[in-house]
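To keep things clear, I will list the structure first and then write my remarks on it.
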Amino acid sequence: MLYNQQFEITASASEGGVISPAGVSKVRYSQNITYTITPAAGYEIQSVIVDGKDIGAVSEYTFQKVTKKHTITAVFAKMPWVNPYTDVAPTDWFYEDVSFVTGAGLMNGVGDNRFAPEISTDRAMIVTILWRMEGCPVVNYAMDFTDVQEGQWYTEAIRWAAATGIVNGYGNGLFGTADPITLEQAAAILHRYAAYKGWADDTTVPILPAYTYSEWAENDVIWAELSGIFSGVGTELDDLTAAASRAEIASFLRRFCENIAK
């Protein structure tokens, strides 16, 4: 009988948010079904398309007294970045890099509306950034680092990175948690993370970039050069043994995400 018929409602969403319920829902004849549209952080609802018609940027829509098939699609758009930092100007070479990493939640400011682009980044921070990118996994791994305390903001990040081989210590049980990370160390950690994810091609070519770097970092430096990690950095990268500034790390991370991450 007509009243026992069911009709399919197909719901989908673009990147940047969710629609609920998603997928195909079956609705009985003359019944209602309500959809909720929720943007992710940094995104906004651009439009909702119902049966091919744009009904605007609504956060909820109800099909009333359903008597046929329908489709509904939520479309999201990234919100323009509103610069909260007094020490980051549109004319700075790192402006777009800071916009990217803060918009993506990879890096935050240091307080008082400052990003502090010129100060160095410590080793614990860059490991924590990658850990967050990975979804903050918790691993059962006994670390040998005597300078990594339990229960700190970086503990689980370093535990994960050590377990996966993304980071190594200095030897003698030291990780150097609060030590400034050097440019070559940052390149090495990004290279190892890319290899862990299956994104890195370990085939190197016999080139020697015009940088000063440690012998152990040669393959990492070559990889970073070929992968475009060093491109667009507005500082002199002649000495990769130097401490990396927050602006330089932001630049590395942006290009890693755009060029390497899949």
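The values are calculated or read from the model by the stated rules, or taken from the named source; none is laboratory data. Predicted model, so just to flag it, every value in this text is computed and none were measured. Cβ placement follows ideal geometry from the backbone for every residue including glycine, while neighbour counts extend to all protein chains displayed. Surface areas here come from the heavy atoms of the whole protein model, side chains and all, with no ligands, DNA or RNA. Shrake-Rupley method; radii C 1.70, N 1.55, O 1.52, S 1.80 Å.
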> Out of all the residues in region 220-232, is one or more open to solvent by 50 Å² or more (accessible area, probe 1.4 Å) and part of a helix (DSSP H, G or I)?
Replying inline: yes
> Which residues, taken from region 236-258, are of a type in the set (Ser, Thr, Tyr) and surrounded by fewer than 21 Cβ atoms within 10 Å (Cβ to Cβ)?
Replying inline: Thr241, Ser245
>> Take the residues in region 148-174 that are in contact with a helix residue (DSSP H, G or I) (Cβ under 6 Å, 6 or more places away or on another chain), part of a loop (DSSP other than H, G, I, E, B) and hydrophobic (A, V, I, L, M, F, W, C); name whichever of them is nearest to Gly198 (Cα to Cα).
In response: Ile166
>> Take Tyr85 and tell me if it is assigned to a loop (DSSP other than H, G, I, E, B), at pLDDT 95 or above, in contact with a Lys or Arg (Cβ under 9 Å, 6 or more places away or on another chain) and hydroxyl-bearing (Ser, Thr, Tyr).
In response: yes
> Take the residues of region 92-151 that are open to solvent by less than 50 Å² (accessible area, probe 1.4 Å) and aromatic (Phe, Trp, Tyr): which is farthest from Glu15 (Cα to Cα)?
Replying inline: Phe145
> Going through region 243-262 one residue at a time, which ones are under 17 Å from Ala116 (Cβ atoms) and either not polar (S, T, N, Q) or not in a strand (DSSP E or B) (or both)?
Replying inline: Ala243, Ala244, Arg246, Ala247, Glu248, Ile249, Ala250, Ser251, Phe252, Leu253
>> Which of the numbered conditions does Val50 fail, given that it passes all the others? Conditions: (1) free of Cβ contacts under 8 Å to residues at least 60 places away in the same chain; (2) within 19 Å of Thr10 (Cβ to Cβ); (3) open to solvent by 30 Å² or more (accessible area, probe 1.4 Å); (4) of a type outside the set (Asp, Glu).
In response: (3)
>> Could you list, ordered by first residue, the pairs with Cβ atoms under 8 Å in which the first is in region 94-106 and closer than 13 Å to Asn83 by Cβ and the second is β-branched (Val, Ile, Thr) and buried (at least 20 other Cβ atoms within 10 Å of the Cβ), at least 6 apart or interchain?
In response: Phe94/Val88; Tyr95/Val88; Val98/Val88
